[in-house]
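Enquirer: One structure, pasted below without further comment.
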Amino acid sequence: MDCKVLSIQSHVVRGYVGNKAATFPLQVLGFEVDTVNSVQFSNHTGYAHWKGQVLNAEELHVLYEGLKLNNVNHYDYVLTGYTRDKSFLEMVVDIVQELKHQNPKLVYVCDPVLGDKWNGKASMYVPEDLLPVYRYKVVPVSDIITPNQYEAELLTGRTFSTEKEALEVMDILHAMGPDTVVITSSDLPSPHGSDNLIALGSQIKTNSDGSKVKERIRLEVPKVDAVFVGTGDLFAAMLLAWTHHHPNNLKVACEKTVSAMQHVLQRTITSAKEIAGKGNKPTPAQLELRMVQSKRDIENPGTIIHATVL
């Protein structure tokens, strides 16, 4: 396999978020990855302090023109995550459209990083002027999107509190463009108690006769009692990889993605607690994802989370 990915995400010197969270697992799974940093920070924003730069559209354009001049702008996938600048995001759309024109089979995987819910309160952690760009320009050219519940609600203008309503929101997202929608986390109640969170997936598949069918799945994922940063970036990267290997089986692709995530998170929290010491809460530095240590689980994740077909 010689699949090439253009990954446009944040970069940190210290820790595993953005491109650093996505590149290693993709390389381990056999992909060639070219990275463009939407921001370059000293560390992720879960720390008390950070310093760094935000790339603008002109700087992105210069980098992409360099790739074009050398005729190395040939990709099978584009992966995008955290972005802070509106003009930068609009330039990403232009680049995706050009790459799709060049390769109609190119798959664009978008993690629409907009915000999240903390202790029941929702808030955006990017400028609000990015929302209409995502809604009207980014999502329509996306093939796979991985929003959390709050991001799915922002993009569609619809909230949900039941599985039926969630599936309706996913149908709206499908109608906006992408054939594959995975809501990576939600507040939906789990039949097995509050220690689990619900993720949902929906994929439109085309049969050999041209007819279309939807595959819907639900995953119940054990909660881990810690705040991790970079998990969304890791999720999107591994979903890219496993949908590549299982293009018509969203159930298996999501099971492998989520199972690998659980292996990484369990290794991380176990290590963090050991370093912090008994009775002490692990620090953000101690909770950095144990990515390299999880290489074997990323390569060949033992399936510990099984999806239910809806």
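Enquirer: Measure out, as a whole number of angstrom, how far apart the alpha-carbon centroids of the stretch 48-98 and the stretch 195-213 sit.
Expert: Using only Cα atoms to place each centre, the spacing works out to 30 Å.
Enquirer: Explain nothing, just the number: dipole magnitude of the stretch 17-125 about its Cα centre with +1 on each Lys and Arg Cβ and -1 on each Asp and Glu Cβ, in debye rounded to the nearest 20.
Expert: For this selection, approximately 420 debye.
Enquirer: Also: Taking every DSSP beta bridge that has both residues in the chain, what percent is antiparallel when rounded to the nearest 5? Walk me through the numbers on the way to the answer.
Expert: Details: 24 of 45 bridges.
Given both bridge residues lie in the chain, the antiparallel proportion sits at roughly 55 percent.
Enquirer: Going by how many other beta carbons lie within 10 Å of each one, how would you line up C254, C3, C110, fewest first? Could the numbers behind the result be given before it?
Expert: Working: C254 29, C3 17, C110 24.
Fewest-to-most ranking of C254, C3, C110: C3, C110, C254.
Enquirer: So how strong a dipole does the stretch 182-310 carry about its Cα centre when Lys and Arg Cβ are +1 and Asp and Glu Cβ are -1, to the nearest 20 debye? Kindly include the intermediate steps, with their values, before the conclusion.
Expert: Numbers: 15 positive and 12 negative charges, 16 e Å.
That gives the stretch 182-310 a dipole magnitude of about 80 debye.
Enquirer: Can you tell which of H263, A237, L173 lies farthest toward the positive end of the dipole of the chain, using +1 and -1 charges on the Cβ of basic and acidic side chains (Lys, Arg; Asp, Glu)?
Expert: Among H263, A237, L173, the one farthest towards the positive end of the dipole of the chain is H263.
Enquirer: What is the projected area of the convex hull of the Cα atoms of the chain, averaged over all directions, in nm²?
Expert: Numbers: hull surface 64.1 nm².
Answer in nm², one decimal: 16.0.
Enquirer: I need S190, S202 ordered by Cβ neighbour count within 10 Å, fewest first.
Expert: Working: S190 16, S202 23.
So the ranking, lowest neighbour count to highest, is S190, S202.
Enquirer: I've got another one for you. Holding the Cα-Cα limit at 23 Å, pick out from K137/K256; K137/K164; K214/K256; K100/K137 the pairs that are longer than that. Could the numbers behind the result be given before it?
Expert: Numbers: K137/K256 30 Å; K137/K164 27 Å; K214/K256 20 Å; K100/K137 14 Å.
From K137/K256; K137/K164; K214/K256; K100/K137, over 23 Å: K137/K256; K137/K164.
Enquirer: With charges only on Cβ, +1 for K and R and -1 for D and E, what is the dipole size of the chain about its Cα centre, in debye, rounded to 20? Can you show the working numbers first?
Expert: Working: 30 positive and 35 negative charges, 149 e Å.
Its charge dipole is roughly 720 debye.
Enquirer: So for Y64, Y125, fewest C-beta neighbours within 10 Å to most, what's the order?
Expert: On the way: Y64 20, Y125 12.
Ranked by crowding around the Cβ, least crowded first: Y125, Y64.
Enquirer: Which is farthest toward the positive dipole end of the chain among Y75, H44, M291, measuring Cα position about the Cα centre, with Cβ charges +1 (Lys, Arg) and -1 (Asp, Glu)?
Expert: M291
Read-outs throughout are calculated quantities, based only on the coordinates presented, and are distinct from any laboratory measurement. Because the structure is a prediction, the values reported are computed rather than measured. Ideal geometry is used to build each Cβ from the backbone, glycine not excepted, and the neighbour counts take in all protein chains shown.
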